[in-house]
Amino acid sequence: MKRGELIAVITIVCGLLACKFLAPKPLQFSPAVSLWIIILMALACLIILYLSIKGKPIERRVVFIFVGVSLILPFFMQFRLPIKVSPEVQASYDVIAALPPGSTVLVSFDYDPPSAPELQPMADAFVKYAFEHDLKIILVGLWPQGPQQADLSVEAAFAANPALREKIRYGIDYVNLGFQSGNEFVILRMGESFKAMFPVDQRYTLYDSLPLMKNIRNFSNVDLGFNLSAGRPGTTEWVQVAVDRYHLKMTAGNTAVQAPLVYPFLKSGQIIGMLGGMTGAAEFEILTEKPGKAMTYMLSQTFAHVIVMVFIVIGNVVYFRSRKEQA
Amino acid sequence: MEAFGIWLAALFTIGIISFLYKDNVLYRVCESVFVGVSAGYWFVTYFWDNLYRKFYLGINDTTNPNRFFLWVGVILGVLMLTRLSGKIGWLSRWPLAFVVGATAGLYMIAFFVSNAMMQVSSTIMPIFRGGWPMIIDNTILALGVVCGLVYFFFSKEHKGAFGAASTLGTWFLMVTFGASFGYTVMSRMSLMLGRFDFLFGSWLGMLK
């Protein structure tokens, strides 16, 4: 390790320890400080642009630092950005809100912790909403860690509203059927019989012993499907089998990477609505009146996107200038 | 114990992020631990979910007259393990053939219906319906589909009106790729946000 690198490592470690043991908790910037930070970042971007034009291109690590800082600093800022609800999120909410109390919703958690920042806020908002509006929910997972994410959402709902802990009963108001391997074949089999795929729930309770599942044989006994997906198996497989073959009414929440692939299903009416990425999650939180992580994250998202756009502009300016000089 | 777990997770997160500077020992240790833990986790999950929950409990479910069919899956699974042996390794082709055949059969119909026919039928529709925003939307959709298809038509030279349509098709494709890239950036930022939220919230306790 070089001397400079060693100094950088020691500085970072000391900084983190200072944050851990010395910084005020929680740390919040005043509006004036927030404004100064934004101005300083804009100035830094201008300096980078100037240096790049002068033929001194910056290292890629500088871009990483800028993106990192633009993601972190907004955590401590106190203002919120206005969020406009998109039609696809509104459609998702409308179909959920139209369900009468006692309706059964099948929620498939097809993601794992890496995708949780985008999908967990959707799941949390939905589960809280469902519990408060007396919707019965059946939780399943086609990804191994999906059912655990479902448990986290249930816990989050109870933590947010402790009265629900008394009111909501496992097996009657919700069940977690757990994970089942087999991807789309699981959905295919569920079209005939849920019990065949999930003979016991996650707690090894027999299917027939669960009061909620007494009258649930297959998709025809479910009022709505809500798929939270980060890849395969996910929304595409649910649409191909549960929607198109067994006519399940379905809405979906997807990671932003997946959203462009799911939009055609929305346009064709195969799914009713869609929550795309963190923006979709934030919009859903607004509609369900369950402010959560997604709304908090939106300021950081916006800052980071602006920084990415600024660096795209800088890159293009430098490119066109160098081309002109070569000519 | 929870605090220890949080510290461990924080150090592993920093270790993985350190790759952004350059490849280093800490990153390689974190990566190896992650791969090992993932493999172990998957093994344990599949053992309890498949072998115990699905097979063991299923075969002992006397109310299910079809429970003996579970042996078919078990036998195919065991045949897959014959791959480890040189002499009888050819037996592993049978379960593979079963998996490939079943998947192809399912996908042939499902993909054709959901991803092809349903999309075609939702594209073929009257342009002039609904209000002006809808008409503009439909026109862009129709134009995009036609020009996109023209771009991929290689039996005729892309010249004149045909060439113009092909160029327009290229533009539509570029916009699509751009939108897709934008969404990808958003997704990756979200993942990073999740880790920073953990570091500054759960670990450092600086967030509200």
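For chain A, the longest stretch holding no GluC sites (Glu not before Pro) located in a DSSP loop with at most 16 other Cβ atoms within 10 Å is which?
Free of exposed loop sites, the longest segment is A:60-191.
Could you pull out every residue, at least 5 positions away or on a different chain, whose amide H is within less than 5 Å of the one on A:ILE271? Hs are placed 1.01 Å off N in the peptide plane, and Pro or chain starts have none.
The answer is A:LEU266.
Once you keep just the Cα pairs under 8 angstrom separated by 6 or more residues, what percentage relative contact order results for the stretch A:87-291?
29 percent
With every protein chain left in place and a probe of 1.4 Å, what is the accessible surface of A:LEU228, to the nearest 10 Å²?
Spelled out: A:LEU228, probe radius 1.4 Å, area about 0 Å².
For the cross-link pairs A:LYS167/B:LYS54; A:LYS84/A:LYS290; A:LYS25/A:LYS293; A:LYS324/B:LYS22; A:LYS2/B:LYS22, which exceed 22 Å when the distance is taken from alpha carbon to alpha carbon?
Violating the 22 Å Cα-Cα cut-off are A:LYS167/B:LYS54; A:LYS324/B:LYS22.
Once label points are set 7 Å from the Cα along Cα→Cβ at both B:VAL113 and A:ALA91, what is their separation, rounded to one decimal in nm?
2.1 nm
Based on alpha-carbon positions alone, could you give the equivalent ellipsoid semi-axes of the stretch B:130-208 from the gyration tensor, as √(5λ), descending, whole Å?
44, 17, 7
Quick check for me: using +1 on Lys/Arg Cβ and -1 on Asp/Glu Cβ, what's the dipole size of chain B about its Cα centre, in debye to the nearest 20?
380 debye
Need the list of lysines near A:LYS249 for cross-linking: C-alpha distance under 22 angstrom, and skip anything on the same chain fewer than eight residues off.
Straight-distance partners of A:LYS249: A:LYS128, A:LYS136, A:LYS195, A:LYS214, A:LYS267.
May I ask you to compute the full-extension gain from B:SER38 to B:PHE98, defined as 0.36 nm times their residue separation minus their alpha-carbon distance, rounded to one decimal in nm?
18.9 nm
Using alpha carbon centroids, what distance separates the stretch A:240-319 and the stretch B:153-208, in Å?
12 Å
Across 5 Å bins from 0, what is the distribution of all Cα-Cα pair distances for the stretch B:65-146, in whole percents?
Taking every Cα pair in the stretch B:65-146, the percentages come to 3, 12, 12, 11, 10, 9, 7, 6, 6, 6, 8, 7, 2, 1, 0.
Could I get the Rg over Rh figure for the stretch A:172-273? Both from C-alpha atoms, Rh via Kirkwood, rounded to two places.
Radius of gyration relative to Kirkwood radius: 0.98.
What angle do you read, to the nearest 10 degrees and between 0 and 90, between the alpha-carbon axis of helix A:31-53 and the longest principal axis of chain A?
Taking Cα atoms only, the helix is inclined about 60 degrees.
Can you grab the distance from the C-alpha centre of the stretch B:83-119 to the C-alpha centre of the stretch A:152-201, Å, no decimals?
Taking the Cα centre of the stretch A:152-201 as reference, the centre of the stretch B:83-119 is 29 Å away.
Identify the trypsin sites (Lys or Arg not before Pro) of the stretch B:136-204 meeting these criteria: DSSP loop state and at most 16 other C-beta atoms within 10 Å of the C-beta.
Sites meeting the loop and neighbour criteria: B:LYS156, B:LYS159.
By how many degrees, 0 to 90 and rounded to 10, does the Cα axis of helix B:93-111 deviate from the longest principal axis of chain B?
It is inclined by approximately 30 degrees.
Take B:THR45, project a point 7 Å from its Cα along the Cβ direction, then tell me which residues of the stretch A:235-264 have their backbone nitrogen under 15 Å from it.
Backbone N within reach: none found.
Shielding by partners for A:254-262, please: the mean number of other protein chain Cβ atoms within 10 Å of each residue's Cβ. Provide the component values of the computation, followed by the final result.
On the way: counts 2, 6, 11, 9, 3, 6, 8, 3, 0.
Going residue by residue through A:254-262 and averaging, the value is 5.
By how many degrees, 0 to 90 and rounded to 10, does the Cα axis of helix A:87-97 deviate from the longest principal axis of chain A?
Taking Cα atoms only, the helix is inclined about 30 degrees.
Pop the C-beta distance of A:LEU27 and B:LEU11 into the FRET formula with R0 = 25 Å and round what comes out to the nearest 0.05.
On the way: r = 21 Å, r/R0 = 0.86.
It comes out at approximately 0.70.
For the stretch A:168-214, which trypsin sites (Lys or Arg not before Pro) are in a loop by DSSP, counting at most 12 other Cβ atoms within 10 Å?
A:ARG169, A:ARG203, A:LYS214
Send over the semi-axes of the protein assembly as shown's equivalent ellipsoid, whole angstrom and largest first, taken as the square roots of 5 times the C-alpha gyration tensor eigenvalues.
41, 33, 27
Can you pull the Kirkwood radius for the stretch A:87-291, inverse mean 1/r over Cα pairs, to one decimal in Å?
Over the stretch A:87-291, the inverse of the mean reciprocal pair distance is 16.4 Å.
With +1 assigned to the C-beta of every Lys and Arg and -1 to the C-beta of every Asp and Glu, and no other charges, what is the dipole magnitude of the protein assembly as shown about the Cα centre in debye, to the nearest 20?
Dipole size: approximately 1300 debye.
For peptide B:193-206, compute the average count of partner chain beta-carbon atoms within 10 Å of each residue's beta-carbon.
Counting other chains' Cβ atoms within 10 Å and averaging over B:193-206 gives 6.
What Kirkwood Rh does the stretch A:273-327 have if only Cα atoms enter the pairwise 1/r average? Answer in Å.
One over the average 1/r among Cα pairs gives 13.6 Å for the stretch A:273-327.
When the expected Rg is taken as 2.2 N^0.38 Å, what fraction or multiple of it is the alpha-carbon Rg of chain B? Write down the numbers at each step before the final one.
On the way: Rg = 27.1 Å, N = 208, 2.2 N^0.38 = 16.7 Å.
Ratio of Cα Rg to 2.2 N^0.38 Å: 1.62.
For a label point 7 Å from the Cα of A:ALA98 along Cα→C-beta, name the residues of the stretch A:257-284 whose backbone N is under 15 Å from it.
Backbone N within reach: A:269-274.
The values are calculated or read from the model by the stated rules, or taken from the named source; none is laboratory data. Note that the coordinates shown come from a computational prediction; the quantities given were computed from them, not determined experimentally. All Cβ positions, even for glycine, are placed from backbone atoms using ideal geometry, and neighbour counts span all protein chains on display. To get the accessible areas, we keep the full protein, side chains included, count just its heavy atoms, and leave off ligands, DNA and RNA. Shrake-Rupley method; radii C 1.70, N 1.55, O 1.52, S 1.80 Å.
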